[in-house]
């Protein structure tokens, strides 16, 4: 395939043997990433399903041209195929709540889609962060399919130097306990590396068959040094070897920070 934008090659998805299931976790731009990647793939002619195993805001027409709602995998296929034949890109969920949230599907549905349609791209947001750039996963998170996939862990660089509190971190008290830090402590690169690659961190619950990368979002000139310090700190954690690459994205660019760990 000829990638139509920067995300596909940056994530290593241009190869024929790349996994067709992409699962996104963390905080700091997961939904934006999901639809940006879907648009790139669709512009190259691919059929794409975007979905969630948690809850997201129901997409607008600018995000996705069609929404298919169904509760069971057996019910998914006919409606989904009709929508894909017409639109090429479909968002899948169970229901839309009165406050506009889309209730997603189970990881088993992701697995069934990949089994029945191996050439279909499925991109899923697999946990929530309440709009924060960093989170601590509860025991039931993230809700990931246990089959070969690319798991993208997202972290917003605006969290560097921010206090470890509920305003800036989703489940701040849980993260403070895991990191052994007092609430309100300023989050530096070492603490953030531990949040990603330490016990209970982003990389702790990855399926064995998954590939993994880390995407640092909200990069700008003022956050460049912090991003590089975070990458250096990650090298001290054995779990970071799960990462095939670390990327950093600004509003206009995406760059490789590290690879081949």
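The values are calculated or read from the model by the stated rules, or taken from the named source; none is laboratory data. Treat the numbers as computed from the prediction; the structure is a model and nothing was measured. We place every Cβ from the backbone using ideal geometry, glycine too, and count neighbours over all the protein chains shown.
So if I check each of 187, 194, which one is buried (at least 18 other Cβ atoms within 10 Å of the Cβ) and closer than 19 Å to residue 239 by Cα? Of 187, 194, the one residue that is buried (at least 18 other Cβ atoms within 10 Å of the Cβ) and closer than 19 Å to residue 239 by Cα is 194. Candidates are the residues of region 218-236 that are surrounded by 19 or more Cβ atoms within 10 Å (Cβ to Cβ) and not in a helix (DSSP H, G or I); the one that is farthest from the chain's Cα centre (by Cα) is 219. What do you reckon, is residue 107 in contact with a strand residue (DSSP E or B) (Cβ under 7 Å, 6 or more places away or on another chain), more than 23 Å from residue 251 (Cβ to Cβ) and surrounded by 15 or more Cβ atoms within 10 Å (Cβ to Cβ)? Taking the combined requirement at face value, the residue does not satisfy it.
Between 155, 206, 150, 216, the distinction of being within 18 Å of residue 244 (Cα to Cα), touching a strand residue (DSSP E or B) at 6+ places or on another chain (Cβ under 7 Å) and modelled with pLDDT under 95 belongs to 206 only.
The set of residues from region 166-182 being surrounded by 14 or more Cβ atoms within 10 Å (Cβ to Cβ) and under 17 Å from residue 130 (Cβ atoms) comprises 168, 169, 170, 171, 172, 174, 175, 176.
Taking the numbered list (1) farther than 25 Å from residue 171 by Cα; (2) in contact with a helix residue (DSSP H, G or I) (Cβ under 9 Å, 6 or more places away or on another chain); (3) buried (at least 16 other Cβ atoms within 10 Å of the Cβ) in turn, residue 244 passes all entries but (2).
For region 109-145, filtered to residues that are out of contact with any helix residue (DSSP H, G or I) (no Cβ under 9 Å at 6 or more places or on another chain) and assigned to a loop (DSSP other than H, G, I, E, B), the residue that is farthest from residue 69 (Cα to Cα) is 139. Using the structure shown, decide if residue 102 is closer than 24 Å to residue 148 by Cα and buried (at least 20 other Cβ atoms within 10 Å of the Cβ). Taking the combined requirement at face value, the residue does not satisfy it.
Among the residues of region 162-210, those that are without any contact (Cβ under 8 Å) to a residue 40 or more places away in the chain, under 22 Å from the mean Cα position of the chain (by Cα) and part of a helix (DSSP H, G or I) comprise 172, 174, 191.
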